Amino acid sequence: MSFWLHRPFYTLGILYIVIMAVWAVMSWFPIAPGSTASRVRSSLGALVQPVVAPFRKVIPPVGMFDVSFMVAFFAVLIITEFVLVLIVV
């Protein structure tokens, strides 16, 4: 595949990583139901949950910590960096 085919996949991967990070940070804070922030968090959750859900089925939470999100985050990061390697080569 050529550079022009890989570049959009890499950009989308980075954008998705940013979306995951914003969603994770927003989950740490209490947000009033019905507020704009609540709608943003639920919209981001609709994008992030389909990727995280399969990991949650396999990886149980460790105490209060959701390790499955971290595994999904790093999986997306590794796949995105793999696409970057394909761009450079």
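Quick notes on this one:
- The residue list ILE31, ILE59, ILE19, ILE14 contains one member that is within 18 Å of the chain's Cα centre (by Cα), among the β-branched types (Val, Ile, Thr) and over 19 Å from ILE79 (Cα atoms), which is ILE59.
- Contact annotation: residue pairs with Cβ atoms under 9 Å, 6 or more positions apart or on different chains, pairing a residue in the range 42-60 that is closer than 12 Å to ILE19 by Cβ with a partner that is not in a helix (DSSP H, G or I), are GLY45/SER27; VAL52/ASP66.
- Those residues of the range 38-81 which are surrounded by fewer than 12 Cβ atoms within 10 Å (Cβ to Cβ) and either modelled with pLDDT under 90 or not in a helix (DSSP H, G or I) (or both), in sequence order: PRO60, PRO61, VAL62, GLY63, MET64, PHE65
- Checking each residue in the range 1-28 for being of a type in the set (Phe, Trp, Tyr) and modelled with pLDDT of 90 or more picks out TYR16, TRP23.
The values are calculated or read from the model by the stated rules, or taken from the named source; none is laboratory data. Nothing here was measured: the structure is a model prediction, and the numbers come from that model. Every residue, glycine as well, gets a Cβ built from its backbone with ideal geometry; the counts of neighbours run over all protein chains shown.
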